[in-house]
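These notes are about the structure you will find just below.
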Amino acid sequence: MVTVTPGAVREVKRLLAKVGKEGHALRLLVKGGGCSGLSYDLEFDASAREKDLVFEYEGLKVVVDPKSYLYLKGITLDWSGGLNGKGFQFKNPNATHSCSCGESFSVS
């Protein structure tokens, strides 16, 4: 399961509207790199691929490829805005180490 908080859903929908991609899905994936070995990535995607896992929150589709899901199972994507906000935050129960910026991680 992948969880997206209501605040993150609102922000993703706002960004989709801003770039004219309403109705697209949010793709959540993991790539090699970053100071801890793996990094999170967010993209807009017109549709899910054949083997993607698809989750839906308040009309927003979130898609994850099977390989990324191995590292993202149980993750919560949150949004923190405002003057001291940090943007999107990844709360990953699988991560054994994260860098200080929270955008890369490693697993044992």
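The values are calculated or read from the model by the stated rules, or taken from the named source; none is laboratory data. Values in this document were obtained by computation on a predicted structure and should not be read as measured data. Neighbour counts run over all protein chains shown; Cβ positions are idealised from the backbone, glycine included.
Structure notes:
- If you go through the stretch 31-71 and keep only what is hydrophobic (A, V, I, L, M, F, W, C), surrounded by fewer than 16 Cβ atoms within 10 Å (Cβ to Cβ) and in a strand (DSSP E or B), you end up with Leu42, Phe44, Val54.
- Qualifying residue in the stretch 75-90 (condition: at pLDDT 95 or above and polar (S, T, N, Q)): yes
- Only residues that are in contact with a Lys or Arg (Cβ under 9 Å, 6 or more places away or on another chain), assigned to a strand (DSSP E or B) and either of a type outside the set (D, E, K, R) or free of Cβ contacts under 8 Å to residues at least 40 places away in the same chain (or both) were counted across the stretch 72-96, and they come to 4.
- Residue list for the stretch 8-25, restricted to those being surrounded by 13 or more Cβ atoms within 10 Å (Cβ to Cβ) and part of a helix (DSSP H, G or I): Ala8, Val9, Arg10, Glu11, Val12, Lys13, Leu15, Leu16
- Pairing each residue of the stretch 42-58 that is more than 17 Å from Gly23 (Cβ to Cβ) with any residue that is outside any strand (DSSP E or B) and of a type in the set (Phe, Trp, Tyr), provided the two are 6+ apart or on different chains, yields C-beta distances under 7 Å for Leu53/Tyr69.
- Subset of the stretch 51-93 [over 12 Å from the mean Cα position of the chain (by Cα), charged (D, E, K, R) and closer than 16 Å to Val12 by Cα]: Glu56, Glu58, Lys86
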